[in-house]
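Written below as C-alpha cells is the structure these notes are about.
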Amino acid sequence: MTIANQELNTIAAQEYRYGFITDIEADVAPRGLNEDIVRWISAKKNEPEFMLEWRLKAFRHWEKLQAEQQTPTWANVHYPPINYQDIIYYSAPKAKEKLESLDEVDPELLRTYEKLGIPLEEQKRLAGVAVDAIFDSVSIATTFREELAKHGIVFCSFSEALQKHPDLIQKHLGSVVPYSDNFYAALNAAVFSDGSFCYIPKGVRCPLELTTYFRINTAETGQFERTLIIAEEGSYVSYLEGCSAPMRDENQLHAAVVELIAHKDAEIKYSTIQNWYPGDQDGKGGIYNFVTKRGKCAGSNSKISWTQVETGSAITWKYPSVILQGDNSIGEFYSVALTKAKQQADTGTKMVHIGKNTRSKIIAKGIAAAEGSNTYRGLVRIGSRADNARNFTQCDSLLIGDRCGAHTTPYVEVLNNTAHLEHEAFTSRVDEDMLFYCNQRGLSMEDAQSLIINGFCKEVFQKLPFEFAVEATRLLELNLEGTVG
Amino acid sequence: MLEIRNLHASVNDTPILRGINLTIQPGEVHAVMGPNGSGKSTLAFVLAGRPGYEVTSGSALYQGQDLLEMMPEDRARAGLFLSFQHPVEVPGVRLDQFLRAGFNAVSKSRGLEELDPLKFDRLLRRRVKTVNVDPQMTRRSVNEGFSGGEKKRNEVLQMAVLEPALAILDEPDSGLDVDALRSVAQSINDLRTPENALLLVTHYQRILNYVVPDRVHVLVNGRIVKSGGKDLALDIEANGYDGYEEAANPTLAQPASP
Ligand SMILES: Nc1ncnc2c1ncn2[C@@H]1O[C@H](COP(=O)(O)OP(=O)(O)OP(=O)(O)O)[C@@H](O)[C@H]1O
Ligand SMILES: [Mg+2]
C-alpha cells in the first residue's frame with residue numbers, strides 16, 4: 001500500500017466536535033418498557049385520553065412484534081440485538097413549570113445550544129430561521145412564535161400542540177405512518193416524548209425557514225420524537241432539522257417518526273442535517289438512527305421534497321418516502337449519506353405513485369470512507385391507476401480509500417404500462433491519481449478532498465436552504481478531515 | 001532554476017531512473033526524448049513529487065531549495081507545474097472552480113490576493129483566449145468526457161492560469177491533429193518569458209520547430225545518454241534510438257541482469 005492510500009484510509013480520524021455532555025438535572029423515567037411506562041409518559045405530559053389510547057394500542061402491537069421477533073432484518077446493517085428493557089424512555093431537563101420566553105430557559109441549556117451553533121436567540125431573526133429545540137425528550141424553546149402566529153402558522157412542540165390543537169393531531173396523527181407500520185414506528189408511537197408540530201393554513205407561504213434541533217444528552221436514553229407537518233391547500237413551508245449527541249461508549253437508540261401531509265397545491269420542503277454521534281474509530285458507541293419518515297401528497301398538484309445530509313450515527317436506517325396520491329403531485333428525494341470509520345448506513349426512499357401524472361425524482365449520493373458501509377435502497381412503485389407516471393433515479397457512490405463499500409439496491413414495481421422510468425448510477429473512487437493531480441495544481445490533500453466531495457454532492461447541496469448548504473459543506477469537511485502528513 | 005544530480009528513483013522497488021544529471025537555467029527550454037518506457041514520465045513525476053515514486057539517491061535543487069523534501073502541493077505553489085501525459089478526470093468538479101481553487105492556493109502561499117469567482121472569471125476568460133480553447137470547456141467537469149486533444153489543451157490552459165516558473169510538459173503534443181499541434185505549440189511559446197523555463201518531453205521533432213529547445217536530451221533506460229542542440233532531435237527523427245540504446249547499456253549484448 002502506498003503512502004497516499006494510507007492517508008486515504010486514516011481519513012476518518014477526525015474527532016466528533018459535538019460530543020460534550022451538559023450537566024443538568026433531569027426528570028427521568030424508570031428504566032425499561034411496559035404499559036405503566038407508557039401511561040407514566042402520557043400522564044407526565046398531561047395528554048388527552050385519545051392520545052393515551054393510541055399509545056397503548058401501539059405498545060400492544062409493538063409487544064406482539066417483539067414477541068414474534070419481527071424486527072426489520074432486511075437492511076444491510078449489522079449490530080447486536082438491542083435490549084429494549086435496558087433503555088430509559090423519557091428524560092426531561094427539570095425546569096420551571098412553563099417557559100414563556102427564552103429568558104426562562106436554563107442558561108446551561110442555552111450554552112449547550114450555543115456550542116452547537118444553533119441560532120436560538122432572537123438576534124438571529126435576521127437569518128430568518130425559526131427554531132424549535134428538543135433536548136433529550138422535551139421541546140425547550142420555540143422562537144419567532146409571534147411572527148408566525150400573524151400568518152396563522154402553528155409551530156410548536158408536539159406536547160404543546162396536543163394541549164392547544166388536539167383536534168388537528170387526532171385527525172392527522174398516524175394517517176401517513178400508522179403505528180402498525182413497522183417495529184420502530186410502533187415503538188415510537190408508544191413512547192414518543194415530544195417533537196415538533198407545524199400547521200400552515202390555506203394559502204399561506206411560510207415566511208421563515210422552520211428549524212428543529214434535536215439533542216440527546218442523558219446516558220442510556222432513547223430519543224423518540226415525532227414530527228407532524230400539515231400544509232393546507234396552496235400553502236408552502238420549508239422545514240429543517242439538525243441533530244447531535246454527546247460521545248458515549250454505549251449505543252443509544254433514536255427512533256423517530258415524521259409525517260408530512262400536503263394538500264392540494266401545497267408544497268413541503270423537508271431538510272435534514274443528521275450529525276448524531278457516530279461512535280469511535282473502532283465502532284464503539286454511537287447512535288442507532290432508526291427512523292420512519294413519510295410524506296403524503298394528498299391533494300392534486302402538491303409537492304413534497306426530502307433533502308438529507310446524513311453524516312452521523314453508528315447505524316442509519318432511514319427511507320424518507322412520498323405517497324403520490326393526488327394527481328400531478330411531485331415527490332423528490334435528495335440525499336448525501338457519508339459513512340466512515342465503522343459507520344453503516346442503509347438509506348434511500350420509496351416513491352409510491354397512485355395518482356395520474358405523478359412524478360418523482362431521486363438523487364442519492366453515497367460516500368464511503370475508511371471501513372464505512374453505504375447502501376442505497378429505493379423502491380419506485382407505479383400503481384395501476386397512475387397513468388403517465390414518471391420517475392428519474394440517480395444513485396451515485398464515491399469511494400474514498402480501498403476498504404469501504406457501497407451498494408445500491410433499487411427496486412421497481414410497475415403496474416401501469418404508461419409509466420416512464422429512468423435510472424442512472426455510477427461509482428467513482430477518490431484515488432491517488434486524482435488527489436495527486438489536485439496537489440500538483442497547488443491544492444492540499446484536504447482541499448482536494450473537499451473539492452471532489454463537494455463536486456460529488458453539488459446537486460443535493462443546491463437543494464438545501466443557503467445557510468444550511470454552507471453548514472452541510474463544513475460538516476462533510478470536518479467529518480473527512482484526515483491526518484495528512 | 002533546476003539542478004538534478006545523479007538522481008536514482010524506483011517504482012514498486014524497480015529502479016527506473018538510474019543516475020540523471022540535468023541543469024536548467026531560467027529562460028531555457030530543454031527537450032527530453034527517448035523510447036517508450038525509458039523513464040521520461042517517471043522523471044516528471046519524481047520532480048512533481050508523486051507518491052509511490054521513491055528517490056533512492058541523488059538530489060534535485062529547485063530555486064535553491066531541496067525539491068525532493070517538499071510536499072507536492074508546495075512544489076506547485078513554488079511554481080513547478082506538470083502537464084500530465086494522461087490528464088486525470090475529476091468528476092463533478094467544474095474546471096473553472098478547480099482552477100480557481102488552485103490559483104488561490106498558489107496566490108495565498110505567496111501572500112498575493114485570492115480572487116473571488118467574478119474576478120477570477122475575468123482572468124480565466126483572458127487565458128481562455130490566449131490558449132484558444134472553447135470557453136464552454138471551463139464549465140464542464142475537469143477532463144470528464146474531454147477528447148484526448150481537449151485534455152492536452154486543458155493542461156496548457158492550466159499552465160497559462162498558474163504561470164509557473166518551471167513547466168514540465170509531458171508529451172503535450174501527442175494525439176493532437178496538425179492544427180491543434182500548431183496552436184498548442186504556439187500557446188506554449190507565448191507563455192515563455194526570460195524568467196521561466198520549460199522541460200518538454202516529446203516523441204516528435206515537429207513541436208520543437210515552434211518551441212525551439214536550447215538543449216535536447218536523449219533518455220534511454222533511466223539515463224541521459226546524450227545531450228545536444230536542437231539538431232539532435234532531427235537526427236533522432238531520422239534514425240531512431242538504435243545507436244543510443246547501445247550507448248545506454250553496453251552490457252545489453254550479454255544476458256541482462258536487471
Ligand atoms: N506504477 C508503476 N509500476 C510499475 N512499473 C512502472 C510504474 N510506473 C512506471 N513503471 C515502469 O517504469 C518504466 C518507465 O515508465 P515511464 O512512464 O517513465 O516511461 P516513458 O519514458 O514516459 O514512456 P512513454 O514514452 O511510453 O510515455 C516503464 O518500464 C514502466 O513500465
Ligand atoms: Mg511517458
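Which distance in Å, rounded to a whole number, links the C-alpha centroids of segment A:303-365 and segment A:25-83?
Here the two parts' Cα centres lie 26 Å apart.
Calculate the mean, over all residues of peptide A:423-435, of how many other protein chain Cβ atoms lie within 10 angstrom of the residue's Cβ. Display every interim value, and only then the final one.
Values: counts 0, 0, 0, 1, 0, 5, 0, 2, 1, 4, 6, 6, 4.
Counting Cβ atoms of other protein chains within 10 Å of each residue's Cβ and averaging gives 2.
Enter the mean number of other protein chain beta carbons within 10 Å of the beta carbon of each residue in B:77-85, as an integer.
Details: counts 4, 1, 1, 1, 3, 4, 1, 4, 0.
Mean number of neighbouring Cβ atoms from other chains: 2.
Pop out the carbon and sulfur fraction of the accessible area of chain B as a percent, whole number, probe 1.4 Å. Present the calculation step by step, with values, prior to reporting the outcome.
Details: 5400 of 11780 Å².
Whole-percent figure for carbon plus sulfur exposure: 46.
Which entries in the list A:K293/A:K361; A:K45/A:K284; A:K57/A:K463; B:K129/B:K230; A:K458/B:K108 go over 28 Å, if you measure between the two C-alpha atoms of each? Mind showing how you got there, number by number?
Working: A:K293/A:K361 17 Å; A:K45/A:K284 34 Å; A:K57/A:K463 38 Å; B:K129/B:K230 30 Å; A:K458/B:K108 25 Å.
Violating the 28 Å Cα-Cα cut-off are A:K45/A:K284; A:K57/A:K463; B:K129/B:K230.
Efficiency by 1/(1 + (r/R0)^6): what FRET value for B:E3 and B:K129, r their Cβ-Cβ distance, R0 = 51 Å, to the nearest 0.05? Present the calculation step by step, with values, prior to reporting the outcome.
On the way: r = 36 Å, r/R0 = 0.70.
E between B:E3 and B:K129, to the nearest 0.05, is 0.90.
Check B:V93: other-chain or 5+ apart residues with amide H under 5 Å from its amide H, H built from backbone geometry?
Under 5 Å from the amide H of B:V93 lie the amide H atoms of B:V142, each far enough along the sequence or on another chain.
Counting helices only, and only those DSSP H runs with n ≥ 4, report the 222 nm mean residue ellipticity of chain B as the sum of -39,500 (n - 2.57) divided by its residues, in deg cm²/dmol to the nearest 500.
Numbers: 9 runs with 94 residues, N = 258.
The per-residue figure over chain B is -11000 deg cm²/dmol.
Which entries of A:K150/A:K303; A:K44/A:K264; A:K171/A:K350; B:K40/B:K152; A:K44/A:K64; B:K40/B:K119 show an alpha-carbon separation above 28 angstrom in the structure shown?
Details: A:K150/A:K303 25 Å; A:K44/A:K264 37 Å; A:K171/A:K350 24 Å; B:K40/B:K152 17 Å; A:K44/A:K64 25 Å; B:K40/B:K119 37 Å.
In this structure, A:K44/A:K264; B:K40/B:K119 lie more than 28 Å apart at Cα.
Take each of the peptides A:354-367, A:42-55, A:442-455, average the number of other beta-carbon atoms within 10 Å over its residues, and list them starting from the highest. Before the final figure, lay out each step's value.
Values: A:354-367: 23.4, A:42-55: 15.8, A:442-455: 21.8.
For the peptides A:354-367, A:42-55, A:442-455, the packing ranking is A:354-367, A:442-455, A:42-55.
Just the accessible area per residue of chain B, please: how many Å² with a 1.4 Å probe?
Working: 11780 Å² over 258 residues.
Ligands and nucleic acids excluded, the result is 46 Å² per residue.
I'd like the mean, over residues of A:365-374, of how many other protein chain beta carbons sit within 10 Å of each residue's own Cβ. Working shown, then result.
On the way: counts 1, 0, 0, 0, 0, 0, 0, 0, 0, 0.
Mean inter-chain Cβ contacts per residue within 10 Å come to 0.
Give the angle, between 0 and 90 degrees and rounded to the nearest 10, that separates the Cα long axis of helix B:178-190 from the longest principal axis of the Cα atoms of chain B.
Rounded to the nearest ten degrees, it is 80.
What FRET efficiency comes out for B:K108 versus A:S180 if R0 is 60 angstrom and r is the Cβ-Cβ distance? Round to the nearest 0.05.
Details: r = 58 Å, r/R0 = 0.97.
It comes to 0.55.
Roughly how big is the B-A contact, given as buried accessible area in Å² (both sides, 1.4 Å probe, nearest 100)? Don't skip to the answer; put the middle values down first.
Details: alone 12800 and 19290 Å², together 29870 Å².
Interface area, both chains combined: 2200 Å², rounded to the nearest 100.
Work out how far the C-alpha atoms of chain B reach from end to end along every principal axis, then list the three figures in whole Å, largest first.
In descending order, the Cα extents are 63, 40, 35 Å.
The values are calculated or read from the model by the stated rules, or taken from the named source; none is laboratory data. Remember, it's a predicted structure, so these values are computed and weren't measured experimentally. So basically every Cβ, Gly included, is an ideal-geometry build from the backbone, and we count neighbours across all protein chains shown. When the accessible area is computed, the model is the full protein with side chains, heavy atoms only, and any ligands, DNA or RNA have been set aside. Shrake-Rupley method; radii C 1.70, N 1.55, O 1.52, S 1.80 Å.
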